Amino acid sequence: MKVGILGGGQLGRMLLQAAANYTVETYVLENDPECPAAHLCHHFTKGDITNYDAVYAFGKGLDAITIEIESVNVDALEKLQEEGVTIYPSPAAIRIIKNKIVQKQFYKDNGIPSSEFIITQNRVEIEALSDFLPAVHKIGEGGYDGKGVQVLNSTSDLVYAFDAPSVLEKKVAIQKEIALIVAMHTNGSAAIYPASEMMVNPALNLLDYQVSPALIPENVLWVAEAVAIKLVKALQSPGLFAIEMFIDINGDVWVNETAPRVHNSGHHTIEANHCSQYDMLWRIILGYPLGNTAPILPAAIINIIGAEGHSGPAHYEGLHEVLKIDNAFVHLYGKKQTRPGRKMGHITVMHSSYHDLTHKANKIKNLLSVITDTKA
Ligand code: ADP
């Protein structure tokens with residue numbers, strides 16, 4: 001089979017690492033020829049994944065296409081689908097998720113618990129909505145890694161609101177942030193990974209540290225799993241989906257957002273679960289049975305993020321020490337240049353005891369830094 005991936009970042013890279021175990025010819029479309037996935041695919045095409053002609057020309061002649069980021073040209077995917085290329089997930093599902101306004105409306109229409117919201121077109125409109133605060137303002141399209149998200153606690157924060165079509169949603173009193181990955185096969189069978197629990201670095205707004213399986217009460221987990229399955233069924237598409245949720249201070253579950261693709265909350269599944277999320281997506285695309293999502297050991301993911309004040313050729317300080325730790329696995333994404341806050345890699349560490357796992361994760365965080373010799 002000839003399978004294309006739109007986007008060539010680290011998720012594409014790890015997807016390609018898993019593809020090497022199957023007879024599949026891989027194609028990647030991405031603008032940057034030095035991207036993390038460029039050197040692991042059979043065929044690399046330089047091009048813009050948001051451009052109709054680039055996506056259409058790339059996809060013509062392929063058997064299937066998947067994505068590693070949702071900001072892709074959906075019109076071209078729809079055309080390709082009409083012409084017989086199978087798209088994972090379906091273009092209709094990508095269209096729903098790609099725009100946060102449409103995504104929130106989809107939750108409402110399908111009875112998926114997600115915080116109350118108001119759609120706003122510009123900053124002027126927001127000024128009349130101070131009664132709705134505290135809230136979180138999210139740009140409809142184009143935001144990622146916290147860049148399209150603004151917390152508006154009080155009227156004085158309104159100046160930070162987006163002057164573009166956005167969704168203003170009630171701020172949830174978060175107790176925990178979790179993510180669940182669901183695999184949906186074309187034949188209707190589904191599999192769900194154990195929930196992951198994340199901690200966010202408030203300064204960078206990036207996922208900072210994660211533990212899986214999440215330590216949450218069983219009754220809350222059941223609700224979260226039921227919501228995740230209901231959500232994916234409503235999308236009516238095969239593929240792999242990551243559902244980010246909040247557990248609020250009352251133990252209620254709220255969907256934050258969905259990613260219609262392999263996800264950073266599932267990196268640990270490479271070593272810590274019998275079937276990784278990457279292997280799972282290939283099983284779906286290639287028509288093989290779904291794999292076993294059960295955990296082998298509790299795991300933590302530590303992101304390797306470019307240090308403040310360092311921009312330039314990346315140097316990984318502390319790797320040697322990290323690799324001395326039992327069950328620590330290093331994944332560098334092949335990015336030559338580091339920048340403050342840039343995701344350069346991750347480390348998965350596993351341990352049977354959560355106490356020791358947390359200890360090891362913190363040790364790794366303190367041991368490792370991405371710097372450069374030339375200070376920016
Ligand atoms: P991105 O797509 O950029 O990752 P998210 O929608 O996941 O953005 O939001 C980033 C973070 O902002 C979340 O992880 C959470 O900590 C916070 N956040 C988002 N929405 C809400 C909300 N409704 N209530 C409280 N916090 C929120």
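Every number here is computed from the coordinates shown, using simple stated rules; none is lab data. Computed from a predicted model, the values in this text were never measured in an experiment. FYI the Cβ positions are ideal-geometry reconstructions off the backbone, even for glycines, and counts take in every protein chain you see.
Scan the range 344-364 and tell me whether some residue there is surrounded by fewer than 18 Cβ atoms within 10 Å (Cβ to Cβ), of a type in the set (K, R) and part of a helix (DSSP H, G or I). Checking the range 344-364: at least one residue is surrounded by fewer than 18 Cβ atoms within 10 Å (Cβ to Cβ), of a type in the set (K, R) and part of a helix (DSSP H, G or I). With respect to (1) closer than 26 Å to F106 by Cβ; (2) crowded, with 20+ Cβ neighbours inside 10 Å, the lone exception for H268 is condition (1). A Cβ distance below 8 Å, combined with a sequence gap of six or more or placement on separate chains, defines the contacts here; from the range 362-373, residues that are farther than 21 Å from G312 by Cα reach residues that are part of a helix (DSSP H, G or I) and not acidic (D, E) in the pairs I364/V322. Note down all Cβ pairs under 9 Å where the first residue falls in the range 326-338 and is over 17 Å from A38 (Cβ atoms), the second is assigned to a loop (DSSP other than H, G, I, E, B) and β-branched (V, I, T), and they're at least six residues apart or on different chains. So the pair list comes out as T338/T372. Against the test of being of a type in the set (S, T, Y) and out of contact with any Leu (no Cβ under 6 Å at 6 or more places or on another chain), the options T45, T23 yield a single qualifying residue, T23. Looking across the range 138-172, the residues that are over 26 Å from N73 (Cβ atoms) and more than 8 Å from the ligand (Cβ to nearest atom) come down to Q150, L152, N153, S154, T155, S156, D157, L158, V159, Y160, A161, L168.
Looking for something within 30 Å of V85 (Cα to Cα) and either of a type in the set (S, T, N, Q) or without any contact (Cβ under 8 Å) to a residue 40 or more places away in the chain (or both) - is there at least one such residue anywhere in the range 302-324?
Taking every residue of the range 302-324 in turn, none turns out to be within 30 Å of V85 (Cα to Cα) and either of a type in the set (S, T, N, Q) or without any contact (Cβ under 8 Å) to a residue 40 or more places away in the chain (or both).
Looking only at residues in the range 111-137 that are among the polar types (S, T, N, Q) and either over 19 Å from the mean Cα position of the chain (by Cα) or on the phi > 0 side of the Ramachandran plot (or both), the one that is nearest to the ligand (Cβ to nearest atom) is S115. Looking at the range 267-274, is at least one residue acidic (D, E), out of contact with any Lys or Arg (no Cβ under 6 Å at 6 or more places or on another chain) and over 21 Å from S352 (Cα atoms)? Taking every residue of the range 267-274 in turn, none turns out to be acidic (D, E), out of contact with any Lys or Arg (no Cβ under 6 Å at 6 or more places or on another chain) and over 21 Å from S352 (Cα atoms).
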